[in-house]
Every structure is written in structure tokens, then in C-alpha cells.
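Following: one structure in C-alpha cells, then a few remarks.
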Amino acid sequence: MHTLSKRVAVPALLLFGPTFLGPAFVGQAYADTCKPEDTSAEYKLVFEDNFDGGSLDRNKWDTEFLWGPGIIINNEQQYYVNEGQFGYDPFTVSNGNLTIAAIKAPFDQTELYLTSSIYSATSVELLWRTPAGAVRYEVYRNGEFQAAVTGGSYFEPSVREGIDYAYEVIALDANGQAIVTAQLTINTSDRPPTYPDEVFSLNLEHKVYSGKTAEITWDPPNRAGRFEIKRNGTVYRNLVGSVYASLYEDNLDADQTYRYEVNVYDNCDKFIIGDSVTFRTGDGNTPSDTSVQRLVIEVDEYSKTTAEISWNAVANAASYDIYEDGVFIENTDARSVFRDDLVPGTDRRFRVVVLDSDGNTVDETGRVINTADNSFALNRQPYLSGIITSYNSFRFLYGRVEMRARMPKGKGLWSAFWLLNAYYKQDEPSDPEIDIIEAIGDRTTTANQAYHYMIDSDGDGFYNERETIENRSFINDFSADFHTYSVEWSEGLLVYFVDGVEVKRIEGDIVSDEQMYIIANLAVGGWFPGPADETTPFPAKFEIDYIRVYQR
């Protein structure tokens, strides 16, 4: 169903030596994927939810895409609501069923819903909705008038990266009276990162700090379980875990040539990738880039209460004065500040002042942290709906996956039950996706199945061509009653079923051998169903009786 075009970065807390990539996922329960599947054995139940409680089991289900809140794909029109957002809960558990309900997004006609789109380091656009009675708007930046506009946007083509700009938009009625005012702080460093297509690699590098010290660094694959380090052909270290991204060496011989090999294995001790680097510390230190003259601050938010600000090295910098909400906090030679007491909706204002060795100011700038989720306004989506995924609770390789459900009828409604590769756009380049059922609301007698994967047709190492095998099978109105939808997935074989009857079979090496997780969602609009219209009934309800996974 959903082929995504973005890879989202995992925030990193950089430590000297091994690098910690943020907190590990808590409470993951994986099926046994290291032992080969026993095709002669009977299926046994390994994961299920019969939705017998009074609420959605948050230990089994996440309620947003792994890539972050509000991500828009396939030109869809809904925002997937996470718990506690916008006063709406799309998930209801009652009488042994989970209902995912989509509604028209309720907007307060007295609000501007001011937000922004950041296009580059120097360009940004203010966006807002039109409140009742507004005919024009005045835009201010840092208290100074910028423009009067009549539409719901204002484009700013030349701002400085890394600087906070405080904007205010005032909506005026026909008499020039202010109706409503909204403020927003924008920093172009907050723009989403871009990830160009690249060949899967460790990006193994080295840095020489002195005749005795050096550091080997790499990009750890997402599914790494162990890093085997060889030095001059002999196994030197085994780093067990997924978070290692460097090895710091402090007792080297300046006259000796060293060859380091890094070989990465997954949790089943299957080889993923390896690389090597050769150097001699006696050749001198690795040059560092000291040409940066301006201070740029970045923000990494790890949760609603925790975040870190970090900044680049500036030429001639000796230390940094840190201010929080106008109060001096500390002088430090580090380049980051971590906070774990943030309150969503409350601005925390930081200022960093760069000092040289004589205590003179080299540069300074500030950042505002607010962990409140503004992506509802950001995406400006006309519908609210829900998604459940087992990413943090259950990933598996091979098995029988089944759902019993009733999907809604209506133009533009797109219900789906599918499996997605657990390492999408990371270290599994084929990025397979198994769509068990896709139900288009105005085609209620058609059950759609599909298998998507990426290929490298020209052998250049870039998996950037999408292949799809699709199937359409007849069904007795999926909106009128409950039906079962399942797939049996084994080595080299996918078999799709509707109500226990086989409807499609896919065989061969193209079938995924990568861990997957479960997704069920109700989308509105998009390239497949087309947009909803005035005939579409809301709330639209996707009702699920159970979801189960069996393995042999």
C-alpha cells in the first residue's frame, strides 16, 4: 500500500568512543527468527490481539508511523492521530472489536493555526488558515512590520540559518480591526533532512588525533547485533549490541601501519556488511575544519520532555556561555546541552555565546525548544484517522498473518492490512512490502493484494526501481460483513487468502527474507482511491475483530 519516499534520521547523542544512538526500543518482543522455519511443523500462535479489553493495548500497538507524526504519503488527506492529540481518539475497543474511525477535521474558525514550511537554509513560508471574518493580514518579524497580505501565506526568501526569528501574524476584518493574533518562532535548521539515494555502505573512516591516538568511525546498520573488529588480520574486539559507531584507540605506535576491518553481524549472527581502513598515525593528524565562522544550533527532540541542543565548531572558539530563559547557566567547552524537564506547549529559550581564549565574544545565537506537536497545523489535513503498527512490540520472519475485519464503504476511503520491512530505507535495499488486503471504499466487492519491492536493474548499487505484483479478487461486499484476510509467508513463497480461499500465489527469490511488522490503517484519499467527496459518510469505521500471527 504505502511506498514511502523519505528516510527519517534517528537522533544521535554523540559520545567520545562508541556512539550511543538514543534510547533502545523498550519492550520489543520478537518471534524466533534465527532458527530456520520447519515447514513440516504445525503453525502455532505467537502473537494476537482479540481486542477484548476496554481500550487499545499500547504495549502491542503504536499509533503513528515510525517516520514521525503526520507524515504524508501517497497524496493522502488524513492525519494519523496519536494518543492525546487534538481532542480526538480514533480508536474504540468495544464488544471484542477495535474500531478505527476517520472524521472530518474540526477546525476552530477563530484560530489562525499558524505554522511554517521550511524550504532551504535561507527560505521559509508562513502558512495559516483563514479565520471567520478575516480579509487581510499583517506580518511582523522580531517586532518589525514586514508585509500586508490577503492570502493565507507569506514567503520569506532570505533568512540566516541557525537563527530564531519571531513572527507574528495579525488577522484583520474589513474595518481594519484585529480579529486574532498568532506568534511562531522559526529556525531554518529545523528543516527535514534530505537523504539522496546511496549505495548501502558502512562509510568507514578514520581520524588521527596524535601519534598515539586515533578513532575509527562507521554508520551502524539498523539491524546490527555485533561488530567484529580486526586489527592487522586478527580479531581484536567484539562489540555486542546495535549502538556502536566508533572505536577510539589511545596506545598506538606512530611508526606502525594499522589495518582495521569492521564486520557487522545481525542478532542471528548473519553477516550484513564489512569494510576496512588503513592508516599510520605518524603521518600526522587528520585536519579538522575550522573555517566555520558562524554559530548554528540544532535541536534533537527525543520525547515530549527530553531534547538536546548542539552546535557546530566555530573558528577561535575556546568555550561557550549558555543562557536559558535569559539566565546564565554555565560556561562549557562542550557543544551540547541536554534537558529532560521540558513541558509540551511551553517555550524554553536558549542562547549560546561563543568565547575565544581571552573571553571575547566571537558569535552568539539562540534557539527555542517546544516539544508540542504542531504537525496537525503543519499538514493542514482535512481528515483525522488512525493507524496501528507492531513495530515496537513484534517483528517476525515468516508465518501466517490473519485479520478478521469489516471495512467501510465510501468514496476515497482506503482501509489496509499489511506488512512492512522493519528496516525500511536503511540496510535492506529491496524494501519489501506485503499488502494482505487493501479495500477501496467505492469498490466493495474487490479485495486488492500486492507485493512491492525495489530492484537494482543496472547493477550500480542503487535500489531505486519499484516492482509490484498485484492481484484483485472478488469478495461479497467487505463493508456489509466481517471477512478474514491472511497471507502465508515462507521462504520463497507468499500465498494470499480471503475467507480461507487462496486468491494469489507468488514464488521465487523475490519473496522477502527480512523481518517485518504489522500495520492496519484507515486512509482517506490518495492516488489509489481518489479523494473523498460529499457522498462519503463520516465517521468512517474500520472494524477489526482480531489480528493473529502463527509460526512453524
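The values are calculated or read from the model by the stated rules, or taken from the named source; none is laboratory data. None of the values given here were measured: they were computed from a predicted structure. Cβ: placed from backbone, ideal geometry, glycine included. Neighbour counts: every protein chain shown.
Worth pointing out:
- Residue count for the range 420-432, restricted to those that are surrounded by fewer than 24 Cβ atoms within 10 Å (Cβ to Cβ) and assigned to a strand (DSSP E or B): 1.
- Listed by position, the strands (runs of 3 or more DSSP E) enclosed by the range 206-297 that each have at least 3 residues that are hydrophobic (A, V, I, L, M, F, W, C) are 224-231, 234-240, 271-280.
- Scope the range 328-341; condition touching a residue at least 24 places away in the same chain (Cβ under 8 Å) and either more than 20 Å from Gly162 (Cβ to Cβ) or in a strand (DSSP E or B) (or both); matching residues: Asn331, Ser336, Val337, Phe338, Arg339, Asp340, Asp341
- Test: residue in the range 87-96 that is hydrophobic (A, V, I, L, M, F, W, C), surrounded by fewer than 20 Cβ atoms within 10 Å (Cβ to Cβ) and under 20 Å from Arg380 (Cα atoms): no
- Test set (1) surrounded by fewer than 13 Cβ atoms within 10 Å (Cβ to Cβ); (2) touching a residue at least 24 places away in the same chain (Cβ under 8 Å) - Phe462 fails condition number: (1)
- The range 353-371 - residue that is touching a Lys or Arg at 6+ places or on another chain (Cβ under 8 Å) and of a type outside the set (D, E, K, R) and, of those, modelled with the lowest pLDDT: Thr371
- Within the range 496-552, considering residues that are polar (S, T, N, Q) and outside any loop (DSSP other than H, G, I, E, B), the one surrounded by the most Cβ atoms within 10 Å (Cβ to Cβ): Asn521
- One residue stands out in the range 441-475 among those that are among the hydroxyl-bearing types (Ser, Thr, Tyr) and in a loop (DSSP other than H, G, I, E, B): the one that is modelled with the lowest pLDDT, namely Tyr463.
- Considering residues of the range 209-255 that are acidic (Asp, Glu) and under 17 Å from Phe271 (Cβ atoms) only, the residue farthest from the chain's Cα centre (by Cα): Glu228
- Subset of the range 136-186 [assigned to a loop (DSSP other than H, G, I, E, B), under 32 Å from the mean Cα position of the chain (by Cα) and either in the same structural domain as Asp363 (by TED's automatic domain parsing) or acidic (Asp, Glu) (or both)]: Glu161, Asp164
- Lone unmet requirement of (1) touching a strand residue (DSSP E or B) at 6+ places or on another chain (Cβ under 9 Å); (2) at pLDDT 85 or above; (3) surrounded by fewer than 13 Cβ atoms within 10 Å (Cβ to Cβ); (4) over 17 Å from Asp164 (Cα atoms) for Asp325: (4)
- Residue within the range 356-378 that is of a type in the set (Gly, Ala, Ser), more than 30 Å from Leu184 (Cα to Cα) and surrounded by 20 or more Cβ atoms within 10 Å (Cβ to Cβ) present: no
- Residue among Gly87, Gly96 that is under 30 Å from Tyr302 (Cα atoms) and small (Gly, Ala, Ser): Gly87
- The residues in the range 388-419 that are part of a loop (DSSP other than H, G, I, E, B), among the charged types (D, E, K, R) and in contact with a strand residue (DSSP E or B) (Cβ under 7 Å, 6 or more places away or on another chain) can be counted, and the count is 1.
- The single condition among (1) exposed (fewer than 13 other Cβ atoms within 10 Å of the Cβ); (2) on the phi > 0 side of the Ramachandran plot that Gln177 does not satisfy is (2).
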